[in-house]
Amino acid sequence: MRRAGRTSVATPPDPGLAELTADQRLRRLELTVTRRLNGLLHGQYRGLLPGPGSEPAGSREYRPGEDEVRRMDWAVTARTAVPHVRQVDADRELTTWVLVDSSASMDFGTAELDKRELAVAAVAAVGFLTAGIGNRLGAQVLRADGVRRFPARSGRTHLLGLLRALLTAPRATEPDDRSRPATGQAVAAAELADGLDAVHRVANQRGLVVVVSDFLDGLPDDPDEPPPWERTLRRLSARHQVLAIEVTDPRELELPDVGLITLVDPETGRRREVCTSDRRLRERYAAAAAVQRDQVRQALRRSAATHLALRTDRDFSADIVRHVHAQRRLAAAPAGAVRGGAA
């Protein structure tokens with residue numbers, strides 16, 4: 001049961017959104033995001049993750065315990081014999097790179113949306129929240145056949161084209177498709193670490209990096225062992241603001257008492273029949289899933305990435321609004337007050 005988060009219940013998908021054309025789904029998605037996030041789509045370059053920026057704006061005296069040593073202005077410090085730090089303004093032009101996980105485990109959902117559709121909605125929110133004059137959005141999409149790159153460009157047309165490509169992307173090969181090669185596409189699929197490496201190569205200027213995934217790829221059985229993608233995520237966080245959007249489904253966290261069901265690993269196609277009437281089995285499943293999710297949270301925290309958790313059974317727009325408001329409050333609060341509140 002250690003791989004609880006990787007397992008999905010073999011139930012037929014909800015045909016609701018599938019019956020709509022790509023343009024209809026895109027129009028509905030755009031209306032949903034713009035209406036619900038309307039209050040956040042205004043402001044002067046406040047962005048999705050307000051930060052210090054990188055444009056020089058003078059120097060001021062160093063405040064011990066509040067300022068980062070890496071922002072020391074050594075030239076002014078040497079000239080005045082008093083420690084000073086550099087001040088910076090928010091970037092006037094922002095480049096955002098989005099890494100979207102479209103692997104087999106994202107093709108699962110038991111609520112109104114599946115995980116892949118929720119990931120596309122998250123990308124739409126990021127795109128509209130970071131849109132602005134001169135701002136650019138690029139993407140790397142992790143697929144079964146490798147990593148597909150969308151160059152960083154500005155404009156609504158580019159964003160809608162990216163969303164359309166995500167909505168119409170082919171689903172991963174079904175686990176029981178006997179026509180696939182012996183090696184299997186899922187086995188040879190690009191990994192999350194590969195996608196992060198691809199982002200690291202193209203994100204040359206300081207900006208925003210958003211990773212949308214369930215972060216289950218390569219997660220080791222030992223909770224104390226770091227996942228293979230953590231190292232590259234740390235490297236990205238050292239240069240960029242990094243937002244990790246974790247996408248989950250409630251059935252990945254606990255099993256309902258519905259009798260005999262078939263569990264399927266979407267990555268390998270392995271199946272197992274389980275009787276969910278066994279209370280102890282459901283408890284072990286929930287405990288293993290909780291350990292797994294905590295493992296992901298700890299890895300993201302060590303990587304210095306901002307963590308936003310979205311679920312297929314929750315209002316994603318409300319979760320994003322709360323997250324953005326919390327980030328803006330943290331950015332506006334004095335350093336001492338933030339630490340005091342956190343304590």
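Below is a table of values for the structure above.
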read-out	value
One residue from R293, R314 being free of Cβ contacts under 8 Å to residues at least 60 places away in the same chain, out of contact with any Phe, Trp or Tyr (no Cβ under 8 Å at 6 or more places or on another chain), outside any strand (DSSP E or B) and not hydroxyl-bearing (S, T, Y)	R314
Selection from region 291-312 of residues that are over 19 Å from Q327 (Cα atoms) and not small (G, A, S)	V291, Q292, R293, D294, Q295, V296, Q298, R311, T312
Flag if L167 is touching a residue at least 12 places away in the same chain (Cβ under 8 Å), within 21 Å of R36 (Cβ to Cβ), assigned to a helix (DSSP H, G or I) and open to solvent by 10 Å² or more (accessible area, probe 1.4 Å)	yes
Qualifying residue in region 266-280 (condition: open to solvent by 10 Å² or more (accessible area, probe 1.4 Å), at pLDDT 90 or above and within 27 Å of D315 (Cα to Cα))	no
Residues that are open to solvent by 20 Å² or more (accessible area, probe 1.4 Å) and touching a residue at least 40 places away in the same chain (Cβ under 8 Å), drawn from region 299-311	R302, A304, T306, H307, A309, R311
Flag for V258 being farther than 19 Å from A190 by Cα and open to solvent by less than 10 Å² (accessible area, probe 1.4 Å)	no
Inter-residue pairs, beta-carbon under 8 Å, first outside any helix (DSSP H, G or I) and at pLDDT 90 or above and in region 144-159, second of a type in the set (F, W, Y) and open to solvent by less than 100 Å² (accessible area, probe 1.4 Å), 6+ apart	A152/W97
Qualifying position, being part of a loop (DSSP other than H, G, I, E, B), on the phi < 0 side of the Ramachandran plot and open to solvent by less than 40 Å² (accessible area, probe 1.4 Å), among L113, L99	L113
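The values are calculated or read from the model by the stated rules, or taken from the named source; none is laboratory data. Bear in mind that the values here come from a model prediction, so they are computed numbers and not experimental data. Using ideal geometry, Cβ is built from the backbone for each residue, glycine included, and neighbour counts are taken over all protein chains shown. Only protein heavy atoms, including side chains, enter the accessible area calculation; ligands, DNA and RNA are left aside. Shrake-Rupley method; radii C 1.70, N 1.55, O 1.52, S 1.80 Å.
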